[in-house]
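Everything below concerns the one structure shown next.
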Amino acid sequence: AAFFAFLSGLDGAALLSGEVDVAGRADPASLLRPLAEAVRLDPGFGIALRVWHVATTSACARGRLSKGDLARLADECLHALPRDGEACVVIAEQLSAEGDDERATAWLRHAVRLDPPPARGLESLGIVLANRGETAAARELWRAGLEQDGHPDFFAHLARLEFACGEDDEAWAKIVVGLRRLRERATRRDEWGDDGRGAGVLLAYLLEHLVDRKPPAAVGEAVRSLADVLPWAEDRIDLGACLAALGAAREARAELTAGLAGELPADVRDRGVRVLLRLKVRNFEARFARAVDAVLRRRNLRKALAELDRIRAIEPRFWLATFYAGVAHRRLGAEETALDLMAEVLRQRPGQPDALTEMAELFDRRGNPKRALECIEDALVQRPADAALLGRRALYQHHLGRSGPARESLRAALTSGRSSPELEEIRRQILS
């Protein structure tokens, strides 16, 4: 019976995630309810639970399943006491992403009661409880995770608790053991298995601790032992930052260079490039901050531009220097160069809203409000409620003679609650 319910649920999932219009159905959730029924009939039917997760995630993303329907379906599945712990943790993460932390916690609590409990469930519920101040319960969960899984993240979380309690020696000791465990997992991956977590949060947490604490020698030794060992690009960035904080500049540069050669999220790449610049340029942060301040204040623009160009020559991937160099060129009247520089920023960081805003202004100045409006529309994808962007959209619509849309955009900008001299000037132009 569970299998036939599963088949029916598969049909419903296919219909709900396809191109067929289901808006007219009174209860789109009914298409997925057979999957919950399959879990009720057989709580060990993990595939049914995993398909339920994929189908509901897709349906919510398409706007075909409301948060209320998702909550009711989740309750039906949880009431069946499913036995696939990893799937339970994934569903908890799904519910948390939808803003339903209470239900997410309920799924995690169920997951950690299974035998054996999933390690990720022990970790995630521990984080939830620690954030609520229930540190004793969190500690017990993370200790259980250590016994079962041994991932370095558990040492990272426990060390944080020890630091918070003023037990620095015990915290550093846990970090050292975690770093050694990390090296073991990296060098003997076939034995440990690849769970997709990489180095986890241990190195990122360690970097936070190094900001305001002096570590014992054993920490530095354990960190240095990881050099040229980690296979994960993102974790090599964190390792490079830790090595830099410990004064191991040569090893840090090697790790950062290797990490930056891999596939990275944009924010991680930016972080790695910035740490590398601190190693390459003496007093980098102060020098860059002075140059940016000069550009924003329109003071000593040529001197600031020279500093930004020096930074760009040393590290072309530092797009912020390219961006402010473009702003400086615009203010010096070199609009063609400014456009080229903003295009370079967007090549490195597609959709970057500040660069799109600069380009929009430059295009409008050149008598091309249509292209300017396109840039602002792209910027609004990232910042849909930004009053300044809405105001500029109104201005460029006004320049295109689209008075109705311009007034609507202006109204949206003014009702955002943030006024500015620029927005007032746009209002004056449109309403005059």
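What follows draws every value from the coordinates through simple rules; no lab data is involved. Predicted, not measured: the structure shown is a model, and the values here were computed from it. Here the Cβ is made from the backbone with ideal geometry for all residues, glycine too, and neighbour counts use every protein chain on show.
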Fill in: Scope region 223-244; condition in contact (Cβ under 8 Å) with a residue 24 or more places away in the chain, crowded, with 20+ Cβ neighbours inside 10 Å and under 23 Å from Ala173 (Cβ atoms); matching residues
Val223, Leu226, Leu230, Asp235, Asp238, Leu239, Ala241, Cys242
Practice prompt. Determine which single condition Phe363 fails, assuming it passes every other condition in (1) touching an Asp or Glu at 6+ places or on another chain (Cβ under 7 Å); (2) closer than 30 Å to Phe318 by Cα.
Written response: (1)
Discussion item. If I go through region 37-92 residue by residue, how many of them are small (Gly, Ala, Ser), more than 22 Å from Gln148 (Cβ to Cβ) and assigned to a helix (DSSP H, G or I)?
Written reply: 9
Practice prompt. For region 98-212, please list each of the helices (runs of 4 or more DSSP H) lying entirely inside it that holds at least 3 residues being in contact (Cβ under 8 Å) with a residue 12 or more places away in the chain.
Written response: 101-112, 119-131, 135-148, 152-164, 168-187, 202-212
Worksheet entry | helices (runs of 4 or more DSSP H) contained entirely in region 276-374, each with at least 3 residues that are under 30 Å from Ala254 (Cβ atoms) | 284-297, 301-314, 319-331, 335-348
Practice prompt. Please tell me if Val90 is in contact (Cβ under 8 Å) with a residue 40 or more places away in the chain, within 26 Å of Leu158 (Cα to Cα) and either more than 25 Å from the chain's Cα centre (by Cα) or surrounded by 14 or more Cβ atoms within 10 Å (Cβ to Cβ) (or both).
Written response: yes
Worksheet item: Do you know which of the residues in region 403-430 that are assigned to a helix (DSSP H, G or I) and polar (S, T, N, Q) is surrounded by the fewest Cβ atoms within 10 Å (Cβ to Cβ)?
Response: Ser403
Worksheet entry | Residue ID - nearest to Asp115 (Cα to Cα), chosen from residues in region 36-63 that are in contact (Cβ under 8 Å) with a residue 40 or more places away in the chain, crowded, with 21+ Cβ neighbours inside 10 Å and in contact with a Ser or Thr (Cβ under 9 Å, 6 or more places away or on another chain) | Ala55
Discussion item. Yes or no: region 388-398 includes at least one residue that is of a type in the set (D, E, K, R), touching a residue at least 12 places away in the same chain (Cβ under 8 Å), buried (at least 18 other Cβ atoms within 10 Å of the Cβ) and in a helix (DSSP H, G or I).
Written reply: yes
Item to complete: Would you confirm whether any residue within region 260-275 is loosely packed, with under 15 Cβ neighbours inside 10 Å, out of contact with any Pro (no Cβ under 8 Å at 6 or more places or on another chain) and closer than 30 Å to Arg331 by Cα?
Response: yes
Discussion item. So the check is Cβ under 7 Å with 6+ separation or different chains; which pairs have a first residue in region 269-280 that's at negative phi and β-branched (Val, Ile, Thr) and a second one that's buried (at least 18 other Cβ atoms within 10 Å of the Cβ) and in a helix (DSSP H, G or I)?
Written reply: Val273/Leu260; Val275/Gly240; Val275/Ala241; Val275/Ala244; Val275/Leu256
Item to complete: Keeping to region 341-365, report how many residues are farther than 20 Å from Ala406 by Cα and surrounded by fewer than 15 Cβ atoms within 10 Å (Cβ to Cβ).
Response: 4
Fill in: Filter result (surrounded by 24 or more Cβ atoms within 10 Å (Cβ to Cβ) and out of contact with any Lys or Arg (no Cβ under 8 Å at 6 or more places or on another chain)) within region 157-173
His157
